[in-house]
Amino acid sequence: MGQRLSGGRSCLDVPGRLLPQPPPSPPPVRRKLALLFAMLCVWLYMFLYSCAGSCAAAPGLLLLGSGPRAAHAPPALASAPDGTPPRLTFGGPAATPLGAGKGMAKGAESQEEQSPEAPDSPSPISSFFSGSGSKQLPQAIIIGVKKGGTRALLEFLRVHPDVRAVGAEPHFFDRSYDKGLAWYRDLMPRTLEGQITMEKTPSYFVTREAPARIAAMSRDTKLIVVVRDPVTRAVSDYAQTLSKRPDIPSFESLTFRNRTAGLVDTAWSAIHIGLYAKHLEHWLRHFPLGRMLFVSGERLVRDPAGELRRVQDFLGLKRIITDKHFYFNKTKGFPCLKKAEGSGRPHCLGKTKGRPHPDIDGDVLRRLRDFYRPLNRKFYQMTGLDFGWD
(Lines give C-alpha, C1' and ligand atoms only; values in the text may rest on other atoms or scores of the structure.)
Protein backbone atom coordinates (compact mmCIF):
# COMPACT_ATOMS: atom_id res chain seq x y z
CA MET A 1 0.00 0.00 0.00
CA GLY A 2 1.08 3.63 -0.17
CA GLN A 3 3.48 5.37 2.13
CA ARG A 4 2.32 6.67 5.40
CA LEU A 5 2.07 10.39 5.89
CA SER A 6 2.90 12.08 9.10
CA GLY A 7 0.23 11.65 11.58
CA GLY A 8 -0.34 8.01 10.53
CA ARG A 9 -2.69 8.79 7.57
CA SER A 10 -2.51 7.17 4.11
CA CYS A 11 -2.31 9.23 0.89
CA LEU A 12 -5.73 7.87 0.14
CA ASP A 13 -7.02 9.72 3.13
CA VAL A 14 -6.38 13.19 1.68
CA PRO A 15 -9.45 15.37 2.46
CA GLY A 16 -11.93 15.73 -0.39
CA ARG A 17 -11.56 19.51 -0.44
CA LEU A 18 -8.02 19.03 -1.76
CA LEU A 19 -9.27 17.06 -4.83
CA PRO A 20 -10.93 18.74 -7.92
CA GLN A 21 -14.70 18.89 -7.55
CA PRO A 22 -17.32 18.73 -10.35
CA PRO A 23 -19.23 21.97 -10.98
CA PRO A 24 -22.40 22.27 -8.99
CA SER A 25 -25.54 21.37 -10.95
CA PRO A 26 -27.90 24.26 -11.72
CA PRO A 27 -30.91 24.59 -9.49
CA PRO A 28 -33.94 22.62 -10.79
CA VAL A 29 -35.96 25.83 -11.26
CA ARG A 30 -33.38 27.36 -13.58
CA ARG A 31 -33.22 24.17 -15.66
CA LYS A 32 -36.97 24.15 -16.03
CA LEU A 33 -37.09 27.81 -17.09
CA ALA A 34 -34.43 27.25 -19.75
CA LEU A 35 -36.32 24.25 -21.10
CA LEU A 36 -39.59 26.18 -21.08
CA PHE A 37 -37.99 29.06 -23.01
CA ALA A 38 -36.60 26.70 -25.65
CA MET A 39 -40.00 25.02 -26.06
CA LEU A 40 -41.67 28.45 -26.34
CA CYS A 41 -39.29 29.46 -29.15
CA VAL A 42 -40.00 26.24 -31.06
CA TRP A 43 -43.75 26.64 -30.57
CA LEU A 44 -43.65 30.28 -31.74
CA TYR A 45 -41.75 29.33 -34.87
CA MET A 46 -44.17 26.52 -35.68
CA PHE A 47 -47.15 28.79 -35.01
CA LEU A 48 -45.93 31.52 -37.35
CA TYR A 49 -45.08 28.99 -40.01
CA SER A 50 -48.42 27.24 -39.99
CA CYS A 51 -50.77 29.99 -38.84
CA ALA A 52 -52.00 30.59 -42.37
CA GLY A 53 -53.77 27.29 -42.66
CA SER A 54 -54.83 27.17 -39.02
CA CYS A 55 -56.27 30.65 -38.78
CA ALA A 56 -57.96 30.45 -42.16
CA ALA A 57 -60.10 27.57 -40.99
CA ALA A 58 -61.62 29.66 -38.20
CA PRO A 59 -64.50 31.83 -39.53
CA GLY A 60 -64.76 35.28 -38.09
CA LEU A 61 -61.09 35.40 -37.09
CA LEU A 62 -58.47 37.52 -38.79
CA LEU A 63 -57.35 35.52 -41.80
CA LEU A 64 -53.68 35.79 -42.61
CA GLY A 65 -50.97 33.91 -44.42
CA SER A 66 -51.60 31.14 -46.91
CA GLY A 67 -54.25 28.44 -46.96
CA PRO A 68 -55.38 25.61 -49.21
CA ARG A 69 -57.21 26.20 -52.45
CA ALA A 70 -60.10 24.20 -53.80
CA ALA A 71 -62.14 24.77 -56.93
CA HIS A 72 -65.94 24.82 -56.73
CA ALA A 73 -68.48 24.46 -59.46
CA PRO A 74 -69.98 27.78 -60.61
CA PRO A 75 -73.60 28.45 -59.72
CA ALA A 76 -76.18 27.14 -62.17
CA LEU A 77 -77.75 29.67 -64.52
CA ALA A 78 -81.49 30.10 -64.65
CA SER A 79 -83.00 29.07 -67.99
CA ALA A 80 -85.12 31.60 -69.82
CA PRO A 81 -88.53 30.32 -71.02
CA ASP A 82 -88.30 32.02 -74.42
CA GLY A 83 -85.21 30.12 -75.54
CA THR A 84 -82.75 32.94 -74.95
CA PRO A 85 -79.41 32.08 -73.35
CA PRO A 86 -79.67 31.07 -69.68
CA ARG A 87 -79.31 33.88 -67.23
CA LEU A 88 -78.33 34.21 -63.63
CA THR A 89 -80.87 36.61 -62.15
CA PHE A 90 -79.64 39.05 -59.58
CA GLY A 91 -82.95 40.74 -58.92
CA GLY A 92 -83.60 44.44 -58.86
CA PRO A 93 -81.29 47.04 -57.41
CA ALA A 94 -81.14 47.59 -53.68
CA ALA A 95 -84.07 49.58 -52.31
CA THR A 96 -81.94 52.58 -51.49
CA PRO A 97 -82.11 56.12 -52.90
CA LEU A 98 -79.71 57.28 -55.54
CA GLY A 99 -77.77 58.96 -52.76
CA ALA A 100 -75.48 55.97 -52.08
CA GLY A 101 -72.46 56.83 -54.18
CA LYS A 102 -70.13 59.37 -55.81
CA GLY A 103 -69.82 61.19 -59.15
CA MET A 104 -68.01 62.67 -62.14
CA ALA A 105 -68.48 65.36 -64.82
CA LYS A 106 -67.39 66.04 -68.39
CA GLY A 107 -63.66 66.56 -68.62
CA ALA A 108 -62.97 65.04 -65.21
CA GLU A 109 -60.48 62.23 -64.82
CA SER A 110 -61.78 58.70 -65.26
CA GLN A 111 -59.55 57.38 -62.52
CA GLU A 112 -61.47 56.04 -59.55
CA GLU A 113 -60.98 57.98 -56.37
CA GLN A 114 -58.36 56.33 -54.19
CA SER A 115 -59.38 55.22 -50.74
CA PRO A 116 -56.89 56.55 -48.19
CA GLU A 117 -57.51 53.67 -45.85
CA ALA A 118 -56.56 51.02 -48.39
CA PRO A 119 -52.78 50.95 -48.88
CA ASP A 120 -51.04 47.80 -49.91
CA SER A 121 -50.27 46.90 -46.30
CA PRO A 122 -49.28 43.30 -45.62
CA SER A 123 -50.52 41.48 -42.56
CA PRO A 124 -48.20 40.93 -39.57
CA ILE A 125 -47.43 37.38 -40.60
CA SER A 126 -46.90 38.46 -44.20
CA SER A 127 -44.42 40.99 -42.86
CA PHE A 128 -42.67 38.28 -40.84
CA PHE A 129 -42.09 36.37 -44.06
CA SER A 130 -41.47 39.48 -46.17
CA GLY A 131 -38.33 37.92 -47.55
CA SER A 132 -40.24 34.85 -48.75
CA GLY A 133 -42.08 34.32 -51.99
CA SER A 134 -41.67 36.18 -55.24
CA LYS A 135 -43.35 38.91 -57.27
CA GLN A 136 -45.59 37.61 -60.03
CA LEU A 137 -47.65 39.22 -62.77
CA PRO A 138 -51.32 39.21 -61.69
CA GLN A 139 -53.34 36.10 -62.42
CA ALA A 140 -56.58 38.06 -61.89
CA ILE A 141 -57.52 41.70 -62.47
CA ILE A 142 -60.61 43.69 -61.48
CA ILE A 143 -60.99 45.67 -64.70
CA GLY A 144 -64.08 47.72 -63.92
CA VAL A 145 -66.26 49.55 -63.63
CA LYS A 146 -65.71 52.84 -61.90
CA LYS A 147 -68.28 53.52 -59.18
CA GLY A 148 -69.52 49.96 -59.44
CA GLY A 149 -68.07 48.66 -56.17
CA THR A 150 -64.55 47.67 -57.18
CA ARG A 151 -62.92 49.05 -54.04
CA ALA A 152 -65.32 47.16 -51.79
CA LEU A 153 -64.72 43.92 -53.70
CA LEU A 154 -60.95 44.28 -53.48
CA GLU A 155 -61.03 45.01 -49.75
CA PHE A 156 -63.28 42.03 -49.12
CA LEU A 157 -61.05 39.74 -51.19
CA ARG A 158 -57.92 40.85 -49.34
CA VAL A 159 -59.28 39.04 -46.28
CA HIS A 160 -58.68 35.73 -48.06
CA PRO A 161 -55.30 34.20 -47.11
CA ASP A 162 -54.64 33.11 -50.70
CA VAL A 163 -55.13 36.59 -52.20
CA ARG A 164 -52.35 39.17 -52.33
CA ALA A 165 -53.37 42.40 -54.00
CA VAL A 166 -51.99 45.85 -54.74
CA GLY A 167 -53.90 48.46 -52.73
CA ALA A 168 -53.45 51.38 -55.14
CA GLU A 169 -54.54 51.29 -58.77
CA PRO A 170 -51.48 50.63 -61.01
CA HIS A 171 -53.08 51.99 -64.23
CA PHE A 172 -50.48 50.03 -66.18
CA PHE A 173 -52.55 48.93 -69.18
CA ASP A 174 -54.05 52.38 -69.78
CA ARG A 175 -51.44 54.95 -68.68
CA SER A 176 -48.06 53.34 -68.00
CA TYR A 177 -47.81 50.56 -70.57
CA ASP A 178 -44.61 52.01 -72.00
CA LYS A 179 -42.83 51.28 -68.70
CA GLY A 180 -42.87 47.56 -69.45
CA LEU A 181 -43.95 44.37 -67.71
CA ALA A 182 -40.89 44.30 -65.44
CA TRP A 183 -41.93 47.64 -63.95
CA TYR A 184 -45.50 46.37 -63.59
CA ARG A 185 -44.42 43.15 -61.89
CA ASP A 186 -42.30 45.09 -59.42
CA LEU A 187 -45.47 46.85 -58.20
CA MET A 188 -46.97 43.52 -57.15
CA PRO A 189 -46.73 42.11 -53.62
CA ARG A 190 -44.71 38.99 -52.92
CA THR A 191 -46.69 35.78 -53.00
CA LEU A 192 -46.09 32.26 -51.79
CA GLU A 193 -46.95 29.14 -53.76
CA GLY A 194 -50.72 28.74 -53.98
CA GLN A 195 -51.48 32.45 -53.55
CA ILE A 196 -53.05 34.64 -56.24
CA THR A 197 -51.68 38.05 -57.25
CA MET A 198 -54.38 40.62 -58.04
CA GLU A 199 -54.81 44.27 -58.91
CA LYS A 200 -57.75 46.50 -59.75
CA THR A 201 -57.97 49.44 -62.13
CA PRO A 202 -61.61 50.22 -63.11
CA SER A 203 -60.68 52.33 -66.13
CA TYR A 204 -59.33 49.26 -67.95
CA PHE A 205 -62.86 48.22 -68.94
CA VAL A 206 -63.39 51.36 -71.05
CA THR A 207 -59.83 51.57 -72.42
CA ARG A 208 -59.75 50.33 -76.05
CA GLU A 209 -56.14 49.15 -75.86
CA ALA A 210 -56.43 47.31 -72.53
CA PRO A 211 -57.91 43.98 -73.79
CA ALA A 212 -55.12 43.38 -76.33
CA ARG A 213 -52.43 44.45 -73.85
CA ILE A 214 -53.66 42.15 -71.09
CA ALA A 215 -54.03 39.30 -73.57
CA ALA A 216 -50.43 39.89 -74.69
CA MET A 217 -49.36 39.44 -71.07
CA SER A 218 -51.44 36.28 -70.61
CA ARG A 219 -54.67 35.02 -72.15
CA ASP A 220 -55.17 32.98 -69.00
CA THR A 221 -55.70 36.12 -66.90
CA LYS A 222 -59.03 36.04 -65.07
CA LEU A 223 -61.01 39.27 -65.42
CA ILE A 224 -63.60 40.57 -62.96
CA VAL A 225 -66.09 43.30 -63.87
CA VAL A 226 -68.24 44.88 -61.16
CA VAL A 227 -71.26 46.49 -62.82
CA ARG A 228 -74.03 48.66 -61.44
CA ASP A 229 -77.23 50.20 -62.80
CA PRO A 230 -75.71 52.63 -65.34
CA VAL A 231 -78.08 55.45 -64.38
CA THR A 232 -77.25 55.21 -60.69
CA ARG A 233 -73.60 54.82 -61.60
CA ALA A 234 -73.66 57.99 -63.71
CA VAL A 235 -75.19 60.03 -60.90
CA SER A 236 -72.66 58.55 -58.49
CA ASP A 237 -69.89 59.52 -60.89
CA TYR A 238 -71.17 63.07 -61.09
CA ALA A 239 -71.48 63.38 -57.31
CA GLN A 240 -67.80 62.52 -56.88
CA THR A 241 -66.66 65.28 -59.21
CA LEU A 242 -69.17 67.72 -57.72
CA SER A 243 -67.56 67.17 -54.31
CA LYS A 244 -64.23 68.27 -55.77
CA ARG A 245 -65.47 70.91 -58.22
CA PRO A 246 -68.64 72.59 -56.93
CA ASP A 247 -68.68 74.93 -59.93
CA ILE A 248 -69.27 72.24 -62.58
CA PRO A 249 -72.44 72.41 -64.72
CA SER A 250 -75.57 70.57 -63.61
CA PHE A 251 -76.04 66.87 -64.24
CA GLU A 252 -78.98 67.64 -66.50
CA SER A 253 -76.98 69.95 -68.78
CA LEU A 254 -74.11 67.48 -69.07
CA THR A 255 -76.36 64.51 -69.85
CA PHE A 256 -77.78 65.82 -73.13
CA ARG A 257 -76.29 67.23 -76.28
CA ASN A 258 -79.78 68.51 -76.99
CA ARG A 259 -82.24 68.13 -74.15
CA THR A 260 -85.24 69.17 -76.24
CA ALA A 261 -84.51 66.45 -78.76
CA GLY A 262 -83.50 64.03 -76.01
CA LEU A 263 -80.05 63.36 -77.49
CA VAL A 264 -77.86 61.84 -74.77
CA ASP A 265 -74.22 62.89 -74.84
CA THR A 266 -72.33 59.60 -74.87
CA ALA A 267 -69.04 61.50 -75.05
CA TRP A 268 -69.44 62.47 -71.38
CA SER A 269 -67.48 59.86 -69.46
CA ALA A 270 -70.20 59.45 -66.82
CA ILE A 271 -72.56 58.28 -69.58
CA HIS A 272 -69.92 56.54 -71.70
CA ILE A 273 -68.82 54.13 -68.94
CA GLY A 274 -72.37 52.76 -68.67
CA LEU A 275 -72.38 51.49 -72.27
CA TYR A 276 -71.43 48.05 -70.94
CA ALA A 277 -72.40 46.06 -74.03
CA LYS A 278 -70.24 48.17 -76.33
CA HIS A 279 -67.21 47.91 -74.06
CA LEU A 280 -67.66 44.16 -73.62
CA GLU A 281 -67.50 43.65 -77.38
CA HIS A 282 -63.85 44.78 -77.35
CA TRP A 283 -62.97 42.35 -74.57
CA LEU A 284 -64.63 39.37 -76.23
CA ARG A 285 -62.32 39.79 -79.22
CA HIS A 286 -59.40 38.83 -76.98
CA PHE A 287 -60.88 36.79 -74.12
CA PRO A 288 -63.56 34.08 -74.01
CA LEU A 289 -66.55 34.81 -71.83
CA GLY A 290 -65.44 32.02 -69.49
CA ARG A 291 -62.39 34.07 -68.44
CA MET A 292 -64.65 36.88 -67.21
CA LEU A 293 -66.83 37.17 -64.12
CA PHE A 294 -69.51 39.85 -63.82
CA VAL A 295 -70.31 40.93 -60.27
CA SER A 296 -73.48 42.81 -59.37
CA GLY A 297 -72.64 46.02 -57.53
CA GLU A 298 -76.15 46.09 -56.04
CA ARG A 299 -75.92 42.53 -54.78
CA LEU A 300 -72.44 43.21 -53.40
CA VAL A 301 -74.17 45.66 -51.03
CA ARG A 302 -77.20 43.49 -50.23
CA ASP A 303 -75.45 40.12 -50.03
CA PRO A 304 -71.66 40.52 -49.97
CA ALA A 305 -71.07 36.92 -48.88
CA GLY A 306 -73.12 35.61 -51.81
CA GLU A 307 -71.15 37.61 -54.38
CA LEU A 308 -67.85 36.73 -52.69
CA ARG A 309 -68.80 33.06 -52.96
CA ARG A 310 -69.08 33.43 -56.74
CA VAL A 311 -65.78 35.31 -56.90
CA GLN A 312 -63.94 32.71 -54.81
CA ASP A 313 -65.29 29.94 -57.03
CA PHE A 314 -64.24 31.80 -60.16
CA LEU A 315 -60.71 32.27 -58.82
CA GLY A 316 -60.47 28.64 -57.74
CA LEU A 317 -60.19 29.58 -54.08
CA LYS A 318 -61.51 27.79 -51.04
CA ARG A 319 -64.72 29.41 -49.78
CA ILE A 320 -63.28 31.08 -46.72
CA ILE A 321 -64.99 34.49 -46.86
CA THR A 322 -68.56 33.98 -45.65
CA ASP A 323 -71.38 35.97 -44.08
CA LYS A 324 -69.60 35.64 -40.74
CA HIS A 325 -67.06 38.20 -41.95
CA PHE A 326 -69.58 41.01 -42.55
CA TYR A 327 -71.93 43.30 -40.72
CA PHE A 328 -74.15 46.01 -42.21
CA ASN A 329 -73.39 49.59 -41.23
CA LYS A 330 -76.75 51.38 -41.25
CA THR A 331 -75.12 54.81 -41.07
CA LYS A 332 -73.07 54.31 -44.24
CA GLY A 333 -75.57 52.00 -45.89
CA PHE A 334 -72.81 49.54 -46.78
CA PRO A 335 -71.55 46.22 -45.48
CA CYS A 336 -68.33 46.34 -43.46
CA LEU A 337 -65.74 43.78 -42.48
CA LYS A 338 -65.75 42.55 -38.91
CA LYS A 339 -61.98 42.26 -39.13
CA ALA A 340 -59.85 43.60 -41.95
CA GLU A 341 -56.48 42.33 -43.10
CA GLY A 342 -53.72 43.22 -40.66
CA SER A 343 -56.14 44.47 -38.00
CA GLY A 344 -58.33 43.09 -35.27
CA ARG A 345 -60.80 45.96 -35.60
CA PRO A 346 -63.90 46.28 -37.78
CA HIS A 347 -63.25 48.00 -41.10
CA CYS A 348 -65.56 50.08 -43.28
CA LEU A 349 -64.69 51.88 -46.48
CA GLY A 350 -63.69 55.52 -46.16
CA LYS A 351 -65.93 58.55 -45.85
CA THR A 352 -65.87 59.05 -49.63
CA LYS A 353 -67.90 55.84 -49.95
CA GLY A 354 -71.59 56.52 -49.47
CA ARG A 355 -71.48 60.19 -50.45
CA PRO A 356 -75.01 61.66 -50.83
CA HIS A 357 -76.25 62.27 -54.37
CA PRO A 358 -77.61 65.59 -55.55
CA ASP A 359 -81.28 65.82 -56.49
CA ILE A 360 -81.72 65.07 -60.20
CA ASP A 361 -84.71 66.01 -62.33
CA GLY A 362 -86.97 62.94 -62.52
CA ASP A 363 -87.65 63.49 -66.22
CA VAL A 364 -83.91 63.37 -66.94
CA LEU A 365 -83.57 60.10 -65.05
CA ARG A 366 -86.51 58.57 -66.98
CA ARG A 367 -85.01 59.60 -70.32
CA LEU A 368 -81.66 58.19 -69.28
CA ARG A 369 -83.24 54.87 -68.30
CA ASP A 370 -84.99 54.70 -71.67
CA PHE A 371 -81.64 55.35 -73.35
CA TYR A 372 -79.84 52.58 -71.46
CA ARG A 373 -82.64 49.99 -71.57
CA PRO A 374 -81.82 48.38 -74.96
CA LEU A 375 -78.11 48.45 -74.16
CA ASN A 376 -78.76 46.78 -70.81
CA ARG A 377 -80.79 44.02 -72.45
CA LYS A 378 -78.03 43.40 -74.96
CA PHE A 379 -75.57 43.20 -72.07
CA TYR A 380 -77.83 40.63 -70.35
CA GLN A 381 -77.85 38.51 -73.51
CA MET A 382 -74.08 38.73 -73.96
CA THR A 383 -73.31 37.71 -70.38
CA GLY A 384 -76.23 35.37 -69.72
CA LEU A 385 -76.97 37.41 -66.59
CA ASP A 386 -80.03 39.50 -65.76
CA PHE A 387 -79.07 42.28 -63.39
CA GLY A 388 -82.62 43.56 -63.04
CA TRP A 389 -81.93 47.18 -63.88
CA ASP A 390 -85.11 47.41 -65.96
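The values are calculated or read from the model by the stated rules, or taken from the named source; none is laboratory data. Predicted, not measured: the structure shown is a model, and the values here were computed from it. FYI the Cβ positions are ideal-geometry reconstructions off the backbone, even for glycines, and counts take in every protein chain you see. Please note that ligands, DNA and RNA were not included when accessible areas were found on the heavy atoms of the full protein model with its side chains. Shrake-Rupley method; radii C 1.70, N 1.55, O 1.52, S 1.80 Å.
How many residues, within region 307-329, are in a helix (DSSP H, G or I), over 18 Å from residue 383 (Cα atoms) and either open to solvent by 30 Å² or more (accessible area, probe 1.4 Å) or at pLDDT below 95 (or both)?
So the count comes out to 4.
Return a yes/no flag: does region 168-185 have any residue that is open to solvent by less than 10 Å² (accessible area, probe 1.4 Å), touching a helix residue (DSSP H, G or I) at 6+ places or on another chain (Cβ under 6 Å) and at pLDDT 95 or above.
yes
In region 242-271, what residues are under 24 Å from residue 374 (Cβ atoms) and buried (at least 17 other Cβ atoms within 10 Å of the Cβ)?
The answer is 251, 254, 255, 256, 264, 268, 269, 270, 271.
Tell me, yes or no, whether region 221-234 has at least one residue that is open to solvent by 10 Å² or more (accessible area, probe 1.4 Å), among the basic types (Lys, Arg) and closer than 16 Å to residue 171 by Cα.
no
Among what's in region 281-295 and is touching a helix residue (DSSP H, G or I) at 6+ places or on another chain (Cβ under 6 Å) and within 14 Å of residue 211 (Cβ to Cβ), pick the residue that is most open to solvent (accessible area, probe 1.4 Å).
Restricting to residues being touching a helix residue (DSSP H, G or I) at 6+ places or on another chain (Cβ under 6 Å) and within 14 Å of residue 211 (Cβ to Cβ), the top hit is 286.
For region 273-299, name all the residues that are of a type in the set (A, V, I, L, M, F, W, C) and either in a strand (DSSP E or B) or modelled with pLDDT under 95 (or both).
292, 293, 294, 295
I'd like to know if region 181-194 contains one or more residues that are within 23 Å of residue 145 (Cα to Cα), hydroxyl-bearing (Ser, Thr, Tyr) and within 17 Å of the chain's Cα centre (by Cα).
There is no residue in region 181-194 that is within 23 Å of residue 145 (Cα to Cα), hydroxyl-bearing (Ser, Thr, Tyr) and within 17 Å of the chain's Cα centre (by Cα).
Out of all the residues in region 339-361, is one or more among the basic types (Lys, Arg) and at pLDDT 95 or above?
No, there is no match, as no residue in region 339-361 is among the basic types (Lys, Arg) and at pLDDT 95 or above.
Can you find, within region 138-186, the residue that is farthest from residue 325 (Cα to Cα) among those that are of a type in the set (A, V, I, L, M, F, W, C) and in contact with a Ser or Thr (Cβ under 8 Å, 6 or more places away or on another chain)?
By that ranking, first place goes to 183.
Provide a single number: the residues in region 367-390 that are free of Cβ contacts under 8 Å to residues at least 24 places away in the same chain and outside any helix (DSSP H, G or I).
1
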